[in-house]
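The values are calculated or read from the model by the stated rules, or taken from the named source; none is laboratory data. Just so you know, these numbers come straight off a predicted model, no measurement behind them. As a convention, Cβ positions derive from the backbone with ideal geometry for all residues, glycine included, and neighbour counts pool all protein chains shown. Just so you know, the surface numbers come from the protein's heavy atoms only, side chains and all, with ligands and any DNA or RNA stripped out. Shrake-Rupley method; radii C 1.70, N 1.55, O 1.52, S 1.80 Å.
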Amino acid sequence: MSTFSASKTRQGSPTRHSAAIAILGGAQISLTLLERISECVPVPFIKAAAGTAVELVRIIRAIQSNKEECEDLLKRSASLLVVILHSLGGKAESDISEELKSRLERLVT
């Protein structure tokens, strides 16, 4: 397997991603129901185990959401950088207006 295809497999396709989100959602609902009805089930520690599993699913979903937001932020930052580089490309610092320098300074601080 090539490096490219191994990398692509690890990242997964949009279809696999959608399926994973649906599975996690279903798991969270099922585990929450199990946690709620566990008081009627004579199995020791089932409520605690279901509650822990629900929390793990919640954390996994939050991580996935944060990852998507970080990827979006990275794409937006890269686009902004391209615009800045295009605007300033080939110009000497003395050719850049003070207003633009000030705005760029505020952007990075």
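Could you give every pair whose Cβ atoms fall below 6 Å, whose first residue belongs to the stretch 49-65 and is within 14 Å of A20 (Cβ to Cβ) and open to solvent by less than 30 Å² (accessible area, probe 1.4 Å), and whose second residue is at pLDDT below 90 and not hydrophobic (A, V, I, L, M, F, W, C), counting only separations of at least 6 or pairs across chains?
Partner pairs satisfying both residue conditions: V57/Q28.
All but one of (1) open to solvent by 80 Å² or more (accessible area, probe 1.4 Å); (2) outside any helix (DSSP H, G or I) hold for R76, so report the exception by its number.
With respect to (1) open to solvent by 80 Å² or more (accessible area, probe 1.4 Å); (2) outside any helix (DSSP H, G or I), R76 is out only on (2).
Give me the pairs: first residue in the stretch 16-28 and closer than 15 Å to E55 by Cα, second residue open to solvent by less than 60 Å² (accessible area, probe 1.4 Å), beta-carbon distance under 8 Å, and six or more apart or on different chains, which are they?
Once the first residue is closer than 15 Å to E55 by Cα and sits in the stretch 16-28, its partners that are open to solvent by less than 60 Å² (accessible area, probe 1.4 Å) give L24/V57; L24/Q64; A27/A53; A27/V57; Q28/V54; Q28/V57.
Tell me which residues, restricted to the stretch 80-105, are open to solvent by less than 70 Å² (accessible area, probe 1.4 Å) and either of a type outside the set (D, E, K, R) or not in a helix (DSSP H, G or I) (or both).
I84, S87, L88, G89, A92, I96, S97, L100, S102, L104
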